[in-house]
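Reading through the structure tokens given below for one structure.
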Amino acid sequence: MALKKYKPVTAGTRWRIGNAYAEITTDKPEKSLLESVKSTGGRNAQGRRSMRYIGGGNKKKYRVIDFKRSKKDVPAKVASIEYDPNRTAFIALLHYADGEKRYILAPNGLTVGMTVLAGDAVAPELGNALQMKNMPLGTNVHNIEMQPGQGGKLVRSAGTSAQLTNKEGKYAVLKMPSGELRKLLINCYATVGVVSNSDHSLEQAGKAGVNRWKGIRPRTRGVAMNPVDHPMGGGEGRSSGGHPRSRTGKYAKGEKTRSKHKGSNKLIIQRKDGKKLAK
């Protein structure tokens with residue numbers, strides 16, 4: 001993909017680095033796969049604000065993505081690569097041989113006209129979805145299931161991929177984007193390839209207004225509040241606020257929050273920092 005550096009015609013464009021959208025082939029989404037999304041503004045069913053710093057932003061419609069890849073052994077042709085306002089990755093519109101249309105996450109290198117397939121033991125080629133037991137070691141995958149038939153839950157954001165490093169009995173060992181080594185059931189489906197839009201992390205908004213377009217409102221710092229509103233509030237002059245903590249008093253840095261008895265502990269071989277989980 002390519003990035004676009006803006007000319008400094010305004011203060012907001014001086015530092016802006018945007019996406020050139022070189023891979024995008026159309027700006028018209030498939031109408032049958034669109035759904036309306038109600039904007040809550042952070043309000044719950046009673047109309048009371050339950051989440052701060054949410055509201056405004058551009059309207060957008062949800063694109064229904066096929067994370068399950070449940071249409072087995074039916075070839076599909078890539079009709080277009082599209083932008084999706086609901087996620088960082090690009091999406092691909094598939095036209096199946098039987099006439100059905102579906103969206104999937106577009107992997108890097110997928111182009112219009114290519115054919116993709118899903119099935120238990122299809123070829124481990126770009127864009128194909130299959131069980132991990134039928135993939136060779138070293139394969140880069142994304143959109144990975146945690147339970148067979150559940151649909152992809154892991155590794156779905158732009159530029160990410162996990163690597164299949166080993167197979168141990170009923171488990172496949174994956175190296176996650178964070179660096180964590182963990183086991184997943186070997187019968188789970190995953191899609192071959194790296195998620196598209198890999199330069200997303202290099203983009204720069206350029207101005208605060210871009211967050212407003214996304215529906216993110218300005219965040220008030222704890223130290224700027226009164227003691228009644230936040231543990232770090234109050235004090236004479238410019239006080240530091242002490243040890244960083246949340247509004248409810250939980251330490252923000254270094255405190256372990258993961259349960260020692262969590263069921264998936266036995267599936268994690270090594271954490272992202274290289275340490276083993278305490279038994």
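What follows is calculated from the coordinates using simple rules that are stated; it is not laboratory data. What you are looking at is a predicted structure, and each value in this text was computed from that prediction instead of being measured.
Some points to look at:
- Over region 3-200, the ratio between the Cα radius of gyration and 2.2 N^0.38 Å evaluates to 1.15.
- Among MET225, MET51, MET114: highest mean-square fluctuation, GNM of the chain, C-alpha pairs under 10 Å: MET225
- As a ratio to 2.2 N^0.38 Å, the alpha-carbon radius of gyration for region 223-279 is 1.68.
- Counted over all Cα-Cα pairs of region 164-279, pairs farther apart than 24 Å make up 59 percent.
- Highest-fluctuation residue, ALA97, ALA172, ALA89 considered, GNM on the chain with Cα pairs under 10 Å: ALA97
- Helical contribution to [θ] at 222 nm, DSSP H n ≥ 4, -39,500 (n - 2.57), averaged over the chain, rounded to 500: -500 deg cm²/dmol
- The spacing between region 213-279 and region 17-42, judged by their C-alpha centroids, is 33 Å.
- Here LYS170 is the anchor, and the aspartates and glutamates within straight C-alpha reach of less than 18 Å, apart from those fewer than 8 places off in the same chain, are ASP120, GLU145.
- Eligible lysines near LYS5 by straight Cα distance, threshold 17 Å, same-chain separation 8 or greater: LYS207
- Extension gain from VAL37 to LYS214, taking 0.36 nm per residue of separation minus the Cα-Cα distance: 62.3 nm
- Structure remark: mean-square fluctuation, Gaussian network model of the chain, C-alpha springs under 10 Å; the largest value among ASN58, ASN44, ASN166 belongs to ASN44.
- Binned Cα-Cα distance frequencies in region 2-117 - 5 Å width, integer %: 2, 10, 16, 16, 15, 13, 12, 9, 6, 2, 0
- 3J(HN,Hα) from dihedral phi, region 246-254, Karplus parametrisation 6.51/-1.76/1.60, rounded to Hz, x for glycine, proline: 7, 5, 8, x, 6, 4, 8, 10, x
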